[in-house]
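Readers should treat all values here as calculations from the given coordinates under stated rules, not as data from a laboratory. A quick note: this is a predicted structure, and the numbers were derived from the prediction, not measured. Backbone-built Cβ (ideal geometry, glycine too); neighbour counts: all protein chains shown.
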Amino acid sequence: MAKKPGIKPVVDNRKARHNYHIKEAFEAGMVLKGTEVKSLRMGKGNLQDAYAVVKGGEVWVNNFHISPYDKGNIFNHDPLRPKKLLLHKREINRLIGLHQEKGYTLIPLKIYFKNGLAKMDLAVAVGKKLYDKREDIAARDAKRDMERTIKERGRSS
């Protein structure tokens, strides 16, 4: 998945790419309350254990923790409240089809603001086995070693 130019994630799920093979990603809008938006703008969100489900033709994110806003008093939100995602009908139908396949799960990758609106990158993913994780770590280490030796050869010349 390519990075989006000029868009910096407010909240990032770093473990997602380590624990899952990402098959496909969707950009979804989010239905949030005012104090949730303010808290997210301050970077106080956690996607660590978050996952999405499709219920009644709508997509919901569960376990997405947004810390209460400091100055929110009685208008503060419940931190673990399920949040509704806004997607086109054809995208929801695609998600339903992919989600029903064995082993597929819907996980949020990152939250960012685009034109003042909160957006979420939602991925269709398959969990990695332990040996897959080890292969990824070994490949990353080998790539780092190659780059290091190439850099050292360039200096000695």
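Things to note:
- Net charge, Pro79 excluded, C-beta distance under 14 Å - Lys, Arg +1, Asp, Glu -1: +1
- GNM flexibility winner over the chain from Arg90, Arg41, Arg144 (Cα, springs under 10 Å): Arg144
- Neighbours of Glu36, meaning other residues whose beta-carbon lies under 9 angstrom from its beta-carbon, give a summed charge of +4 when Lys and Arg score +1 and Asp and Glu score -1.
- Candidates Lys23, Lys110, Lys102: whichever shows maximal mean-square fluctuation once the chain is modelled as a Gaussian network with Cα springs under 10 Å: Lys102
- Segment 124-157-segment 12-27 distance, computed between alpha-carbon centres (Å): 19
- Evaluated at q = 0.10, 0.11, 0.16, 0.18 Å⁻¹: base-10 log I(q)/I(0), Debye formula over Cα of the chain: -0.45, -0.53, -0.93, -1.09
- A helix-only calculation puts the chain at -10500 deg cm²/dmol for mean residue ellipticity at 222 nm, using -39500 (n - 2.57) for each DSSP H run of at least four residues, averaged over all residues.
- Comparing mean-square fluctuations of Leu117, Leu87, Leu32 from a GNM of the chain with C-alpha springs under 10 Å, the top value falls on Leu117.
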